[in-house]
1. Between helix B:2-11 and chain B, what is the angle of the helix's C-alpha long axis to the longest principal axis, kept within 0 to 90° and rounded to the nearest 10?
2. Where does chain A land at 222 nm, in deg cm²/dmol rounded to the nearest 500, when only DSSP H runs of n ≥ 4 count, each adding -39500 (n - 2.57), divided by all residues?
3. May I ask what percent, to the nearest 5, of DSSP beta bridges between residues of the protein assembly as shown are antiparallel?
4. In nm, to one decimal, how far is the B:I24 label point from the B:N191 one, both placed 7 Å along Cα→Cβ?
5. When chain B is modelled as a GNM with alpha-carbon springs shorter than 10 Å, which of B:E71, B:E158, B:E168 fluctuates the most?
6. Can you list, shortest first in nanometers, how far A:V74 lies from the same residue in the other copies, with each label 7 Å from Cα toward Cβ?
7. Any chance you could give the angle, 0 to 90 degrees and rounded to 10, that helix B:20-32 forms with the longest Cα principal axis of chain B?
8. At A:T189, label 7 Å along Cα→Cβ: distances to the other copies, nm, ascending?
2 protein chains.
Amino acid sequence: MSEQTATNLTQDLVVNGVNVTQLIDTVGLIKENADIADFKFRATNKWINGGHNRSEINEYHGALQEMSRDEAFVMDNDEPPVLLGQDNGANPVEYVLHALAGCMTTTMVYKAALLGIKLEEVESELEGDLDLRGFLEMSDDVRNGYKNIRVNFKVKAEGAPERLKQLEKLCMGSPVFDIVTNPVPVTITVNEK
Amino acid sequence: MSEQTATNLTQDLVVNGVNVTQLIDTVGLIKENADIADFKFRATNKWINGGHNRSEINEYHGALQEMSRDEAFVMDNDEPPVLLGQDNGANPVEYVLHALAGCMTTTMVYKAALLGIKLEEVESELEGDLDLRGFLEMSDDVRNGYKNIRVNFKVKAEGAPERLKQLEKLCMGSPVFDIVTNPVPVTITVNEK
């Protein structure tokens, strides 16, 4: 495996840490068989107490096979004391900001790599407005989730500032940006344990 | 602080690890001053390399003040090798499942506590379908994010199975459920660093 990686690195085009050769090869394979593009991501979660619960993330389906990591990623949700928790972890709406930041960044980095745009630094600050009256069912006019989210990037890139508008457009191709800005159908079952 | 907590525990009604007395008090305070309900959650993120980036989450605004934890929560996004990463962390769309699982669980737990429904165990399994052709701009008919998400809960609760439909309805009041199933406006700026 390490030998193969070393071989790849000497032969393949790598921009922004992204193996562009492999990315283009993937597109070619998907053109021949669209099923390669079907991914299923998964999480399991267990309630611990109050606002504290823990997820494990490992297996997923992609590229026609079941895949797994050596070890599961483990992450905790909790609430701060003002929301009746004990700060054992970030809270779920904060994790949404993490996911959004990361996905928009990765999308910018990958798509810039495909276009040959070299990035040196990408940083972002996110802020979301949430009115607790939604969750507490105190007003029909207030939604439960974020009313809006602001994402502010600072980028050091070859050819900036002319590139900035282009990079802004690129990062809007992010899967989590789509999930947050557009409706995703969610089906729920609750069974007895 | 610990003395106050101890006093609270002897006087307050606590169900499912949730201080119901404090929750009801919070609702009363918000009725008098809606600004108490205005929360702003935040994240900062830095790109590391390729699909690897890192968020820090700490400060937030809520209950009329700026709040912070003793230490920031730090979390990494990466992609698996099949998506050109190195598995330094779960990927952003997997974090969305973690956030959704945690938020629906916490919402079920808090709202059940308010109704006096005692829960013993709550577990969930989530799966989301994502077609990579969206991200790769290979088809206009394929969205970038999840096509759909399935959330399957197993609950051990007082009075189940009669309660299961009620619990299903309760967890749909989750802020992240709202964020995922309905559009959230996101504004983006990209400036030079």
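1. 60 degrees
2. Values: 5 runs with 61 residues, N = 193.
Result for chain A: -10000 deg cm²/dmol, rounded to the nearest 500.
3. DSSP beta bridges in the protein assembly as shown are roughly 85 percent antiparallel.
4. Rounded to a tenth, the inter-label distance reads 4.8 nm.
5. Comparing B:E71, B:E158, B:E168 in a Gaussian network model of chain B, the most mobile one is B:E71.
6. 1.9
7. 80 degrees
8. Those label-point separations list as 4.8 nm.
Since every read-out is calculated from the coordinates, none of them should be taken as a lab result. What you see is a predicted model, and the numbers here were worked out from it, not measured in a lab. Heads up, the Cβs are rebuilt from the backbone with ideal geometry, glycines too, and the neighbour counts pull from every protein chain shown.
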